[in-house]
Amino acid sequence: MTLVGVLVLIAQIIGGLLLLTLIVVVHELGHYFMARKNGIEVEEFGIGFPPAAYKRKLKNGVVLSINWLPIGGFCRVKGENSADKRKGTYGSASFKGKTQFLLAGVAANLIFAALVFTVLSLFGMPKLIPNQFVVPADNHEILGPVEIAHVVEGSVAAENGLQSGDILISIAGQAVLSSSEVPSMTAAHKGEEVAVVVERTAITCETSGDDIPPFNGPAVCGVQYQYELTKTVTLSDGADGKGVLGISTFSEESNRATWSAPIVGVALTAQLTYETFKGLGGMLGNLFVGIFENIQGLFNSGVDAGAGSAKIASAGDGLSGPIGIIGILFPGAFASGISVVLLLIGVISLSLAVMNLLPIPALDGGRWLLVIFSKVTQKEISKETEEKIITRGFMAILALAALTIFLDIWRLAT
C-alpha cells in the first residue's frame, strides 16, 4: 500500500471511531434526559473515555468532559445501585423513573436510526431485505447496473471468459435490468446458444487480448476505460450444479420516497429491529448447537463433529466487533460514498439498541429485569448482590468481546 493509501486508511479509521462515538453519545443522551426528567442527578456526561482532555461544570451542576479515547461515551449518575436511597440517586427513583432511565438509551438509538433511514429514503434507501417496507403510492424504484459478483469455476461463464466485475447488459437480446431476473432469463434459454453482452472495465497497458478494442493513436498507460464485449455462449441445463450460466450477480437497488419518507423511516426501523432479533437468535442457536455437537463428537464417533464446527463458524461470521467495524466496515463504507456511510450508521445505531435490550445484567435490558424482579417480589436487591450479578454479566460481555475481537483480527489477517 502506498503512503497516500495508508494515510487515507488512517483517516477513514479515525472517521469511523468518531462516528461510533456519535452513536454511543446519542445512546447516553437518552439516559441523560430521562435521568433529569425523573430527578436522578447526573454527575458527569462524558464524550469519549478518560483521560480527560477538557472538563467543565455546567450551570445545572453536571460535569461535561471531552476525553482522549474516542470510543464511546458515558452518563454517570448519583448512586448507580438500587439500594442507595439518598435523594437524587438512581435507587430513589420510582419504578417508572428507573424504567424510563434504563430504556431511554435504546429509544434514543432507535429514533436516531429512524431519522437516518428517513434521510436515506428521500435520496434512495438501499434494499436490504425481501419485502422491505415502502409506501407503494410514493415509491420510486431505482435500479443500478447488474454486476457479475462471482463466476463458478468450470461453468459456461468461466469457459467463455466472463469475469467478476463485468456489468451485464443483455442476455439473448433482452436487457438485464435487475439482478433478480437473471436466473429466469438464463433458465428460459437452457441448452441454447445465446449472446451475452457485458461492459468491462480495463486499464491501458495493463490488459491485453483479442477482445480489447483498438485505440485511435498511441494508448496512454494507466487510463481506465469501459467497453462492451459480446460473448456467444451455449447455456447448459444446470444439471452439473454449476448453474445454467454459472454466475452470481449483484445490483444496487434502492427505493426513493418524498412525503412518505418519515413513515418509511419509522416502519423500516421496526422491520429491521425484528430481523436483527431473528438473526441474533439464529446466530446464538448455531453457536450453542455447534458447541453441543462438538462435545458429543468427543464421546460418540457416530456424531459428525464437523457439522458442529460449521455451525460455530457460521455463528462467528455473524459477529463483528469494534475492530471489524472500524478496520473493515467503515473504510469500505467511506470508499463507497456518503449514502453507504449513513446506512452503516443507521444499522449500527439500531444494532446497539437491540444489544442493550438483551437480558444480560450489565446491559440496560438486564438491569431493567432486576428492577422488574424487585417490583414483583417487593424485595429490594442488596448492593452486594446487584454488584455481583452485574459483574458476572460484565464478564460475559468481556468474553463475547474477546471472541469478536479475535474473529475481527483473523478476518483482517486473512
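Percent of accessible area on the stretch 52-147 owned by carbon and sulfur, 1.4 Å probe? It would help to have the intermediate numbers written out before the result.
On the way: 3210 of 5090 Å².
Answer for the stretch 52-147: carbon and sulfur cover 63 percent of the accessible area.
For a modelled paramagnetic label at Trp259, 7 Å from Cα along Cα-to-Cβ, the residues of the stretch 112-147 in reach, with backbone nitrogen under 14 Å, are 135-139. Report, ordered by chain and residue number, the lysines lying within cross-link reach of Lys57, taken as a straight Cα distance under 27 Å and ignoring same-chain residues fewer than 8 apart. Reachable lysines: Lys37, Lys78, Lys85, Lys87, Lys98.
The packing ranking, built from the mean of other Cβ atoms within 10 Å per residue, places the peptides 360-370, 266-276, 233-243 in the order 360-370, 266-276, 233-243, highest first.
Taking a sphere under 14 Å around the Cβ of Ala353 and counting the other residues whose Cβ falls inside, with K and R at +1 and D and E at -1, yields a net charge of -3.
Taking 0.36 nm per residue of sequence separation and removing the Cα-Cα distance, the Thr391/Lys85 pair yields an extension gain of 108.0 nm. Loop-located chymotrypsin sites (Phe, Trp or Tyr not before Pro) in the stretch 11-71 (DSSP state not H, G, I, E or B) with no more than 13 neighbouring Cβ atoms inside 10 Å do not occur. Could you compute the net charge surrounding Glu147? Neighbours are other residues with a C-beta less than 10 Å from the C-beta of Glu147; K and R count +1, D and E count -1. Result for the local shell: -3. For the stretch 29-85, the Cβ-based charge dipole about the Cα centre amounts to some 240 debye (Lys, Arg positive; Asp, Glu negative; other atoms uncharged).
Note the full-extension length gain between Asp240 and Ala187 as 0.36 nm times their separation in residues minus their Cα-Cα distance, in nm to one decimal.
Details: separation 53, 0.36 × 53 = 19.08 nm, distance 1.41 nm.
Here the segment from Asp240 to Ala187 would lengthen by 17.7 nm.
In order along the stretch 96-102, phi translates into HN-Hα couplings of 5, x, 5, 4, 4, 5, 5 Hz, rounded to whole numbers, per the Karplus curve 6.51 cos²θ - 1.76 cosθ + 1.60 with θ = phi - 60° and x for Gly and Pro. Using a simple spin-label model with pseudo-atoms 7 Å out from Cα toward Cβ, Thr201 and His140 lie 2.6 nm apart.
The values are calculated or read from the model by the stated rules, or taken from the named source; none is laboratory data. None of the values given here were measured: they were computed from a predicted structure. When we count neighbours, we look across all protein chains shown, and the Cβ atoms used for this are built from the backbone with ideal geometry, even at glycine. Accessible surface areas use protein heavy atoms only, side chains included; no ligands, DNA or RNA. Shrake-Rupley method; radii C 1.70, N 1.55, O 1.52, S 1.80 Å.
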